[in-house]
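This report refers to the structure that appears directly beneath it.
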Amino acid sequence: MSAVLPVYRRSPIVITRGEGCYLYSPDGGCYLDFASGIAVNSLGHGHPQVVAALKAQADVLWHCSNMYTMPGLERLAKRLTAISFADKAFFCNSGGEAVECGLKILRQYHDVTGHPERFRVISMEGGFHGRTLACISAGGNEIARKGYAPLVDGFDRVTFNDLRAVEAAIGPETAAILVEPVQGEGGIRVATPEFLRGLRRLADEYGLLLFLDEVQCGMGRTGTLFAYEQVEIAPDIVTVAKGIGNGFPLAACLASDKAAAGMTPGSHGSTYGGNPLAMAVGNAVLDVMMKPGFFEHVRQMGAELKAGLQALVKEFPQLFDEVRGYGLMLGLRTRGPHREMVEKLRAEKLLTAPAEDNVIRIVPPLVVERAQVDEALQIIRKVCGQWK
């Protein structure tokens, strides 16, 4: 019996090595990875530039307390704020920690601006923001919340993409609106441009902060560095993780000067957040992503993969309902049990990830090439043809 806490649905396959878009098992199995560690391995496995940066830093310094100035941390913060809406960055280890930081920032903001009564956050049904008690309280995943009552107070969930419902939920204690531009765990459900722009308008009108969770859809996943860029709005707080470290534990909470006004020494912290190893990796990932043509490649491969999936929906209408998402954050909604389909695809050496609402997440590394897109589509078609 395993000594590991049994909180995961583990596949029986064993993975010991990765290269590019492929994972390998010790028995010689080769798997095309279109799950990417659940949208984590943005540059694939063993990317030489990222590996070199990590090895070089490991020879110099692994850990240094945040009591001291660290050049890598200062550099990554400066780069991320220079290419985003943000003025300040806080580094931590996971998406959940980044969201917790954002929740503390918004409470501090209203406290220092004379409205300590404002602490409630409007969040979305189907949303997922992490596994801490505050994060599961904000999210709409019933399984994640089961058994953890009483939940953390301060969250009012409304229907996703329903602007009227958001406005109706605003009250004198409301502090912010929290939303994923694309819900990942919730089933690759896309917030409409009109909804996101409307949220910005409501936040301005009622004196709220707009908090975007881009832990899964950020860092190039939708074809731009941040998903919010495509609707031309400026949020107040954005969280990123997953793809920012290409598998190394790294996350960031980005905020405007306005939103971060209440954050002072001692108001937040992290022992390992911003450590030299993570900063070396984060800077290397950003080096690759900011090269000319990188995001164009993501958009092109995403369009080809989506077109291929839409063709499969038409070919097998008894199996599939629709394709969701954009860029390389796509979801294939099944008419039957989607986990069974995920297992059959895995048996044919294609790795995908299940999500809510009977959706199969298809999130390959952002460096995927046309040959691998074609290979994945061929495997899906093969499985569909064998379906009984």
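The values are calculated or read from the model by the stated rules, or taken from the named source; none is laboratory data. All values reported here derive from a predicted model rather than from experimental measurement. Please note: Cβ atoms are built from the backbone with ideal geometry, for glycine as well, and neighbour counts cover all protein chains shown. Surface areas here come from the heavy atoms of the whole protein model, side chains and all, with no ligands, DNA or RNA. Shrake-Rupley method; radii C 1.70, N 1.55, O 1.52, S 1.80 Å.
Observations on the model:
- Within the stretch 328-341, being open to solvent by 10 Å² or more (accessible area, probe 1.4 Å) and under 24 Å from the mean Cα position of the chain (by Cα) holds for 333, 338, 339.
- Unmet criterion (only one of (1) in a helix (DSSP H, G or I); (2) of a type outside the set (S, T, N, Q); (3) at pLDDT 95 or above) for residue 143: (3)
- For first residues located in the stretch 187-206 and closer than 27 Å to residue 322 by Cα, partners that are open to solvent by 50 Å² or more (accessible area, probe 1.4 Å) and part of a helix (DSSP H, G or I) and lie 6+ apart or on another chain with Cβ distances below 9 Å form the pairs 193/230; 198/167.
- The set of residues in the stretch 242-293 being within 22 Å of residue 209 (Cα to Cα), outside any helix (DSSP H, G or I) and touching a residue at least 40 places away in the same chain (Cβ under 8 Å) consists of 251, 252, 253, 254, 255, 256, 257, 258, 263, 267, 268, 269.
- Subset of the stretch 176-224 (residues that are touching a Gly at 6+ places or on another chain (Cβ under 8 Å), closer than 22 Å to residue 297 by Cβ and buried (at least 22 other Cβ atoms within 10 Å of the Cβ)): 182, 188, 216, 217, 218, 219, 220, 221, 222, 223
- Residue match in the stretch 239-260 (condition: out of contact with any Asp or Glu (no Cβ under 9 Å at 6 or more places or on another chain) and modelled with pLDDT under 95): no
- As a summary of the residue check, residue 42 satisfies the conditions (1) within 24 Å of residue 269 (Cα to Cα); (2) in a loop (DSSP other than H, G, I, E, B); (3) touching a residue at least 40 places away in the same chain (Cβ under 8 Å) except for the one numbered (1).
- Hits in the stretch 70-89 - residues which are touching a residue at least 12 places away in the same chain (Cβ under 8 Å) and open to solvent by 50 Å² or more (accessible area, probe 1.4 Å): 75, 79, 83, 87, 88
- Selection within the stretch 110-130: residues that are open to solvent by 30 Å² or more (accessible area, probe 1.4 Å) and under 25 Å from the mean Cα position of the chain (by Cα). The member of this set that is nearest to residue 273 (Cα to Cα) is 128.
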